[in-house]
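The values are calculated or read from the model by the stated rules, or taken from the named source; none is laboratory data. In this text, all values refer to a predicted model and were calculated from it rather than measured experimentally. As a convention, Cβ positions derive from the backbone with ideal geometry for all residues, glycine included, and neighbour counts pool all protein chains shown. The accessibility values were calculated without ligands, DNA or RNA, using every heavy atom of the protein model including side chains. Shrake-Rupley method; radii C 1.70, N 1.55, O 1.52, S 1.80 Å.
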Amino acid sequence: TYEAGKTPPDIVYLNLVGGQDDLVFDGSSLALDARGETIARAAEHATDLVVVDLDAGRGTVRPWVESDARSALEALVLGTRDYARRCGFSGALVGLSGGIDSALVACLAARALGPANVLGVSMPSRFSSDHSRSDAAALAAALGISFRTISIEPMFAAYLEALAPAFAGRPADVTEENLQARIRGGILMALSNKLGALLLSTGNKSEIATGYCTLYGDTSGGLAVLSEVSKSLVYKIAREINAERPVIPQSTLSKPPSAELRPDQKDQDSLPPYDVL
């Protein structure tokens, strides 16, 4: 507090740095003089030490991160790293579909934990396109992460055969689509348990908000890395990463988003265009 008519005091604002469950504290501590001018500012998304002389009205001023996409990228890496570390995980795994969401999560995991500690798992079915399979493999190779392919086709066929009497006379619908996602979720959780690795789920905020992530399928995992990242921002962050080094295949960035759970499926069959959503 200060007396009316008197010059207001300088303000020094200190902020935490690091991830705490679904919260990310971004640092950026700062000092303001009586005019509201910034006279010192610490780094964003990193621990930092800055010096400020309040009497002289000057101090160290770190530059702002240049874009919202870059800031989001740094926040997601920080949050993923701290969540894994505080929960006792040194490694992580990601289901790689060849799509943009899983590609981005794999990139974030590699940055947060190191490529040697990340496993990408491709789980193709009869509906998986050749380019999706090759894109998943190309991404893993570019990132330097481990990669494994486990086809869900034998399990999917066995489920359909076992359920055929109960489904008799009913056309195929979202039931068969969700079944594929749940088979994949079971495989990933089994690998997570066996390997002691943190499973990172890949649903983005746009999909989660509209119920486009399958319960017990896409939602399986210990941390939903993109749960506060809209689909539009997913693409911006991915392009930010590729501007440094092209690790995400161009076809992953350019092809229409698809869950590939039925022939010729596109996300926009069920959802508005992502820029509208």
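Just to be sure I understand the filter: pairs with C-beta atoms under 6 Å, separated by 6 or more residues or on different chains, first member in the range 84-103 and within 19 Å of Ile241 (Cα to Cα), second member of a type in the set (Val, Ile, Thr) and modelled with pLDDT under 95. Which pairs pass?
Within 6 Å, the pairs are Ile100/Thr252; Ala103/Thr252.
Going by the conditions given, is Asp55 at pLDDT below 90, under 30 Å from Ala84 (Cα atoms) and either open to solvent by 90 Å² or more (accessible area, probe 1.4 Å) or among the aromatic types (Phe, Trp, Tyr) (or both)?
So Asp55 does not fit the description; no.
Could we say that Ala40 is in contact with a Pro (Cβ under 7 Å, 6 or more places away or on another chain) and not acidic (Asp, Glu) here?
Against the criterion (in contact with a Pro (Cβ under 7 Å, 6 or more places away or on another chain) and not acidic (Asp, Glu)), Ala40 does not qualify.
Count, please, the residues in the range 34-52 that happen to be on the phi > 0 side of the Ramachandran plot, more than 31 Å from the chain's Cα centre (by Cα) and surrounded by 19 or more Cβ atoms within 10 Å (Cβ to Cβ).
Selection size over the range 34-52: 0.
Among the residues of the range 196-205, is there at least one that is in a strand (DSSP E or B), closer than 17 Å to Arg81 by Cβ and open to solvent by 30 Å² or more (accessible area, probe 1.4 Å)?
No, there is no match, as no residue in the range 196-205 is in a strand (DSSP E or B), closer than 17 Å to Arg81 by Cβ and open to solvent by 30 Å² or more (accessible area, probe 1.4 Å).
Looking only at the range 63-72, how many residues end up being of a type outside the set (A, V, I, L, M) and free of Cβ contacts under 8 Å to residues at least 24 places away in the same chain?
So the answer is 3.
Cβ-Cβ distance below 6 Å, separation of 6 or more or different chains: which pairs start in the range 34-59 with a residue that is over 15 Å from Glu74 (Cβ atoms) and end on one that is open to solvent by 30 Å² or more (accessible area, probe 1.4 Å) and among the charged types (D, E, K, R)?
Ile39/Arg58; Arg41/Arg62; Leu54/Asp10
Would you pick out the residues in the range 18-33 that are without any contact (Cβ under 8 Å) to a residue 40 or more places away in the chain, at negative phi and part of a loop (DSSP other than H, G, I, E, B)?
Ser29, Asp33
Any chance the range 25-33 includes a residue that's farther than 18 Å from Val229 by Cα, among the polar types (S, T, N, Q) and out of contact with any Leu (no Cβ under 8 Å at 6 or more places or on another chain)?
Yes - at least one qualifying residue is present in the range 25-33.
For the list (1) free of Cβ contacts under 8 Å to residues at least 12 places away in the same chain; (2) touching a Ser or Thr at 6+ places or on another chain (Cβ under 6 Å), I need the number of the one condition that Ala181 fails.
Result: Ala181 passes all but (1).
Is it true that Leu191 is in a helix (DSSP H, G or I) and open to solvent by less than 40 Å² (accessible area, probe 1.4 Å)?
So Leu191 fits the description; yes.
With the condition kept exactly as written, say whether any residue in the range 230-249 is farther than 18 Å from Ala69 by Cβ, touching a residue at least 12 places away in the same chain (Cβ under 8 Å) and part of a loop (DSSP other than H, G, I, E, B).
Yes, the range 230-249 contains a residue that is farther than 18 Å from Ala69 by Cβ, touching a residue at least 12 places away in the same chain (Cβ under 8 Å) and part of a loop (DSSP other than H, G, I, E, B).
One residue is enough: does the range 173-187 have a residue meeting the conditions assigned to a loop (DSSP other than H, G, I, E, B) and at pLDDT 95 or above?
No, the range 173-187 contains no residue that is assigned to a loop (DSSP other than H, G, I, E, B) and at pLDDT 95 or above.
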